[in-house]
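Peer 1: Here's a structure for you.
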Amino acid sequence: MNNAEAKKILIACRPGTDDLRSPEAEAALELARRDPELRQWWHRQQVFQSDVKRSLGAVPVPHDLRDRILAGTKVVKLPLWGRTAVLSAAAAVILLLGVVAVWQRPSAETSFETFRSRVARAVLRQYRMDITTNDMGQIRQFLAAHHAPADYVLPQNLERLPAMGAGVLSWRDRRVSMVCLDSGPQGTVFLFVVDVSSVKNAPRRREFAPVSELNTVSWSEGGKAYVLAGSGGKAWLEGLP
Amino acid sequence: MRGDLNLEELVGQHYAALYRFAVSLCGNESEACDLVQETFYLFSTKGHQLNDRSKAKSWLFTTLYRLFTGARRRLIRFPQHELTEVEMDLPEIPPQPPSHFDWNMVLQCLGRLDENFRAPVALFYLDDYSYKEIAEILHVPLGTVKSRIARGIGSLQQMMLDRAPVPSPRTS
């Protein structure tokens, strides 16, 4: 083993852990004891590892995240290990109390704003069309076959855009249809459709809202909530639905 | 030891580490919050399928990672490459590691790492996971994890050195 090979092993080792217990790591350490340059490098490497660990541990966590998580987790069923009849009965009571508590508390996490943010960010992160076709009839058939909303109503200006395909997303165990339309120079626009009962406070009238790098226009009608998202400007997007 | 696991307790124990893992992956606070919330939501609905309570923590990390990569729907964009061919071809390791940095710079550089290296490197630093545990969380072979960590740290160091501010010459 030479100096460079030893570095390639030791670079992935954290001081004070089992990382150094493999035969290769022990051989690399042995070389570091004999090689001053490698020894110095290893010393600095250990400082680096500790500093990175400390730096990442210092990343601030949003102060209200814990409460938001607990508000969003409807206590449907907690994992129970080694359950007994007594535990099950106790759990049932707790669950009932939990459900009542959740029922009485407005849940921010099923809000329309959260839904809009989630679907728009899903597109920004990455997405995949489950079906690629320009035939809207085929798209509706596909969505219906996958239990996603298929009886959506396309406003006239959207009806004119060529379809590209569609995908099915999931929101709180409900299916969401994602219909992709080609708006030419403005790129792809995404229409998300969900049953209006799945979200709270869906806007009835057209409502514009930017979400990160996307703009969105949302509305609801006929038992469906719609989010149209695209990278075009506000005026252009508002003119589509 | 109690046989059940209190969700609130579980959230309290792991939400901060999960958030830091999430923000290391996506580099974005609001998206990281979404990922953590979605992970616990899934646990509250599907965690009962977990037979071994000691696996709850790694389940959370695995789930968050899967949500991030969108493994179910997005395999096309992020194929899992086996890196056996690059194991013998690690990048040049900088002569000395960087020495002056803060969490902001670490996050920015982590965010620029290749997807395949980012998660193992983040787990390597965040929670003292062993190689074996990282392999289990990410569902990749042990050897692949080791090579991804070594390669990822080498790249991370180079990026941090490139970004480190050059000390201004002193004027007397």
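The values are calculated or read from the model by the stated rules, or taken from the named source; none is laboratory data. Computed from a prediction, not measured in an experiment: that's the story for all the values here. All Cβ positions, glycine included, derive from the backbone under ideal geometry; neighbour counts span all protein chains shown. All accessible areas refer to the heavy atoms of the entire protein, side chains included, with ligands and DNA or RNA removed. Shrake-Rupley method; radii C 1.70, N 1.55, O 1.52, S 1.80 Å.
Peer 1: Could you count how many residues in region A:151-181 are touching a residue at least 40 places away in the same chain (Cβ under 8 Å) and assigned to a strand (DSSP E or B)?
Peer 2: 7
Peer 1: Look through A:Val199, A:Val168, A:Val193 and report the one residue that is within 30 Å of B:Ser44 (Cα to Cα) and touching a His at 6+ places or on another chain (Cβ under 9 Å).
Peer 2: A:Val168
Peer 1: Hey, another quick one. For region B:120-149, enumerate the residues that are under 18 Å from A:Leu56 (Cα atoms) and open to solvent by less than 40 Å² (accessible area, probe 1.4 Å).
Peer 2: B:Pro120, B:Val121, B:Ala122, B:Leu123, B:Phe124, B:Tyr125, B:Leu126, B:Tyr129, B:Ile134, B:Ile149
Peer 1: Count, please, the residues in region A:213-241 that happen to be surrounded by fewer than 14 Cβ atoms within 10 Å (Cβ to Cβ) and within 14 Å of another protein chain (Cβ to nearest Cβ).
Peer 2: The qualifying residues number 1.
Peer 1: Next question. Here are the criteria: (1) out of contact with any strand residue (DSSP E or B) (no Cβ under 7 Å at 6 or more places or on another chain); (2) part of a loop (DSSP other than H, G, I, E, B). Tell me which single one A:Ala148 does not satisfy.
Peer 2: The single condition A:Ala148 does not satisfy is (1).
Peer 1: Could you tell me whether any residue of region A:14-26 is among the polar types (S, T, N, Q), more than 8 Å from chain B (Cβ to nearest Cβ) and open to solvent by 70 Å² or more (accessible area, probe 1.4 Å)?
Peer 2: No, there is no match, as no residue in region A:14-26 is among the polar types (S, T, N, Q), more than 8 Å from chain B (Cβ to nearest Cβ) and open to solvent by 70 Å² or more (accessible area, probe 1.4 Å).
Peer 1: Please work out which one of (1) among the polar types (S, T, N, Q); (2) within 30 Å of A:Ser111 (Cβ to Cβ); (3) modelled with pLDDT of 80 or more is the condition B:Ser58 fails and give its number.
Peer 2: Among (1) among the polar types (S, T, N, Q); (2) within 30 Å of A:Ser111 (Cβ to Cβ); (3) modelled with pLDDT of 80 or more, the lone unmet condition for B:Ser58 is (2).
Peer 1: Please go through region A:27-53 and give me each residue that is open to solvent by 50 Å² or more (accessible area, probe 1.4 Å) and in contact (Cβ under 8 Å) with a residue 24 or more places away in the chain, ordered by number.
Peer 2: Answer for region A:27-53, where residues must be open to solvent by 50 Å² or more (accessible area, probe 1.4 Å) and in contact (Cβ under 8 Å) with a residue 24 or more places away in the chain: A:Glu37, A:Gln46, A:Ser50, A:Lys53.
Peer 1: Looking only at region B:30-51, which residues are within 7 Å of chain A (Cβ to nearest Cβ) and either part of a helix (DSSP H, G or I) or crowded, with 23+ Cβ neighbours inside 10 Å (or both)?
Peer 2: The answer is B:Glu31, B:Cys33, B:Asp34, B:Val36, B:Gln37, B:Phe40, B:Tyr41, B:Ser44, B:Thr45, B:Gly47, B:His48.
Peer 1: Out of A:Ile131, A:Ile94, A:Ile139, report the one residue that is more than 9 Å from chain B (Cβ to nearest Cβ), within 25 Å of the chain's Cα centre (by Cα) and modelled with pLDDT under 85.
Peer 2: Exactly one of A:Ile131, A:Ile94, A:Ile139 is more than 9 Å from chain B (Cβ to nearest Cβ), within 25 Å of the chain's Cα centre (by Cα) and modelled with pLDDT under 85, namely A:Ile131.
Peer 1: For the condition closer than 25 Å to A:Thr132 by Cα, modelled with pLDDT of 85 or more and open to solvent by 10 Å² or more (accessible area, probe 1.4 Å), what is the one hit in A:Pro203, A:Pro162, A:Pro185, A:Pro210? Don't jump to the end; show me each part of the working.
Peer 2: Numbers: A:Pro203 fails: closer than 25 Å to A:Thr132 by Cα; A:Pro185 fails: modelled with pLDDT of 85 or more; A:Pro210 fails: closer than 25 Å to A:Thr132 by Cα.
Going through A:Pro203, A:Pro162, A:Pro185, A:Pro210 in turn, just one is closer than 25 Å to A:Thr132 by Cα, modelled with pLDDT of 85 or more and open to solvent by 10 Å² or more (accessible area, probe 1.4 Å): A:Pro162.
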